[in-house]
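To start, the structure under review is shown below, and the notes come after it.
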Amino acid sequence: QVERNWDGVRLYLYQGVWCPIFVFKALQSFQKNFKANDTDIVLASLPKSGTTWLKALLYSIVNRDRFPIDQTPLLTNNPHKLISSFECHYFFNQDNPDDLGNIAQPRLFSTHLPHQVLASSLIKSKCKIVYVSRNPLDQFISEREFLLKNRFLPDFEALSVEQSFDMFCRGVHAFGPFWDHILGYWRASMENPDRVLFLKYEDMKRDPVSNVDKIADFLGLPFSDDEKKQGLIQEISKYCSFEHLKNLEINKTGVHHKYVNNSTFFRKGEIGDWKNHLSSDMAERMKQVMDAKLSASGISFDASS
Ligand code: A3P
């Protein structure tokens, strides 16, 4: 089954996931070729749920002994350059999928793929998965704004907000349906809390410090009493905050690749921006989708600003 996304890019329904064409190619190679190490750390998320932020945080937590925060490679690299995704790796290295480059240990990866299609080697390993979720209304708006700024098919007349929202509520969007994505990682975190940590963007915004502490504990890299006394958790949280990352020169002027500028990963960084874009009828429709798909699991999101 094939549909065009809001920006014209073709989406293929494969193993229950709506994959943009390049992901479709990457996914098969990832499933076949990826060999996990028990020490690997994987950040999983739907697009526009806080991936850039979590990449900066994970990189800072894991590498805090290698780089003092004021000399971190984040100063000169967009977080996406420091942690690459399975999708990009297996798409761009189709001829040499085993060459994962010189990645420092523990290896850090990211993915937008849902849990159900992860490579079996990863599922069977003891590696840690950090999942960041976001309320679907803000995620939808963030993704729409991102796709409108970064046009892969500039001649395609983008769908209206109403049309795109309708597709989103039917689960037709990149890496969707969103409810299967969220539920897959939620269930995995319930079944195996030592291996999968389920975070929410909204909780992270409201209390970044406790969440950074929690992530480090989960990774088996807890902050020592000395590090806590020195205020390292606060320092990392502040360094990776929206305001700080957005204003780094590399993120203001750098280019991610030919279609995407680094600055487009930093838009508003708020909870509740959907209210500036969506009607109350649309919010009500989303509530019904959430009730039908997610409420039985006990997952809820506080999307108020
Ligand atoms: P908005 O478009 O609502 O502003 P992703 O990194 O998964 O692509 O998600 C991008 C969203 O996260 C954007 O949301 C972006 O502004 C926000 N974001 C980026 N860096 C952030 C940070 N350090 N703290 C909070 N939000 C951040």
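The values are calculated or read from the model by the stated rules, or taken from the named source; none is laboratory data. Quick caveat, the model's predicted, so the values are computed rather than measured. Neighbour counts are summed over all protein chains in view; Cβ atoms, including those assigned to glycine, are modelled from backbone coordinates with ideal geometry. Ligands, DNA and RNA are excluded from the accessible area calculation, which covers all protein heavy atoms including side chains. Shrake-Rupley method; radii C 1.70, N 1.55, O 1.52, S 1.80 Å.
Worth pointing out:
- Residues of the stretch 1-27 that are surrounded by fewer than 22 Cβ atoms within 10 Å (Cβ to Cβ), among the aliphatic types (A, V, I, L, M) and either closer than 21 Å to Cys88 by Cβ or touching a residue at least 12 places away in the same chain (Cβ under 8 Å) (or both): Val9, Leu13, Ile21.
- Met204 vs. criteria among the aliphatic types (A, V, I, L, M), within 12 Å of the ligand (Cβ to nearest atom), within 30 Å of Asp180 (Cα to Cα) and not in a loop (DSSP other than H, G, I, E, B): yes
- Qualifying residue in the stretch 148-162 (condition: in contact (Cβ under 8 Å) with a residue 24 or more places away in the chain, surrounded by 21 or more Cβ atoms within 10 Å (Cβ to Cβ) and within 16 Å of the ligand (Cβ to nearest atom)): no
- Any hit, the stretch 235-256, residues being part of a helix (DSSP H, G or I), within 23 Å of Ile41 (Cβ to Cβ), free of Cβ contacts under 8 Å to residues at least 40 places away in the same chain and away from the ligand (no atom under 14 Å from the Cβ): no
- Those residues of the stretch 61-72 which are open to solvent by 20 Å² or more (accessible area, probe 1.4 Å), at pLDDT 95 or above and not in a loop (DSSP other than H, G, I, E, B), in sequence order: Val62
- When residues of the stretch 28-60 are limited to those that are in a loop (DSSP other than H, G, I, E, B) and near the ligand (Cβ under 8 Å from one of its atoms), the one most open to solvent (accessible area, probe 1.4 Å): Lys48
- Members of the stretch 148-187 that are among the small types (Gly, Ala, Ser), assigned to a helix (DSSP H, G or I) and under 17 Å from the mean Cα position of the chain (by Cα): Gly184
- Scanning the stretch 122-147 for residues being under 17 Å from the mean Cα position of the chain (by Cα), β-branched (Val, Ile, Thr) and surrounded by fewer than 21 Cβ atoms within 10 Å (Cβ to Cβ) gives a total of 0.
- Qualifying residue in the stretch 276-297 (condition: open to solvent by 40 Å² or more (accessible area, probe 1.4 Å), in a helix (DSSP H, G or I) and either in contact with a strand residue (DSSP E or B) (Cβ under 8 Å, 6 or more places away or on another chain) or within 11 Å of the ligand (Cβ to nearest atom) (or both)): yes
- Total residues in the stretch 212-244, condition polar (S, T, N, Q) and over 19 Å from the mean Cα position of the chain (by Cα): 3
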